[in-house]
1. Measure nothing fancy, just the Cα-based angle from helix 176-224's long axis to the longest principal axis of the chain, in degrees from 0 to 90, nearest 10.
2. Can you tell me the 0 to 90 degree angle between the C-alpha axis of helix 148-171 and the longest principal axis of the chain, rounded to 10?
3. Of [x] 20.1, 76; [y] 17.7, 56; [z] 19.6, 67, which is the value of Rg and Dmax of the Cα atoms in Å derived from the coordinates here?
4. I want to check the label-to-label distance for residue 162 and residue 206. Put each point 7 Å from Cα in the C-beta direction and report it in nm to one decimal.
5. What number, rounded to the nearest 500 deg cm²/dmol, is the helix-based mean residue ellipticity at 222 nm of the chain, given -39500 (n - 2.57) per DSSP H run of at least four residues and division by all its residues?
6. Can you figure out the FRET efficiency of residue 52 with residue 192, using R₀ = 25 Å and their beta-carbon distance, to the nearest 0.05?
């Protein structure tokens, strides 16, 4: 939630400049003509200083990454009913921790500071997110202890990544501008989808554990009486 607020504020403060249609001098941020990581540039595409937007975006992305890292480390301890689900849970935690570190690296190394390295972090991070969510989803389905609702949320993200990959592949056969529009729009939608789903997962996990603790306490009290 904090990330979405800071991301929205960074959009407001982004000076301007798009990547397509010769709109390098355009004012403000465009969801159709900018990658979301443009908000983290030190200097905007139009040449103006992007200090405020850069700080807001980088801070938000680091907070999101740390929260995702904490989630992946902790949630796998809830998946312990079966050996297979335990192993998959641990694997998902390692993968989740890896892409969280890559996300932090994206925040610390903006595109205009080191384009090749920034792009490597992006291309490396996406597969880790996909596989981490896929393994965690399968682990929850196999475990039968956690409600399947958790797994269905990850299924939504897995489907989202699959659709984006297919559209990106189709985009490579089209003209450059259309290809980039597909990539930029899809990338933005995925970031929002991922963040919202993590928020729902976090709130639902807290509610589930709280309910489980209350039920356990009630059963213990009843047994004692």
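The numbers here are math on the coordinates, done by the rules we state, and not lab data. Quick caveat: nothing in here was measured; it's all calculated off a predicted structure. All Cβ positions, even for glycine, are placed from backbone atoms using ideal geometry, and neighbour counts span all protein chains on display.
1. Helix 176-224 and the main axis of the chain meet at about 20 degrees.
2. Compared with the principal axis, the helix lies near 20 degrees.
3. Of the labelled values, this structure produces [x].
4. Going from the residue 162 label point to the residue 206 one covers 3.2 nm.
5. Details: 6 runs with 165 residues, N = 225.
After summing the helix terms and dividing by the residues of the chain, the value is -26500 deg cm²/dmol.
6. For residue 52 and residue 192, the calculated efficiency is 0.75.
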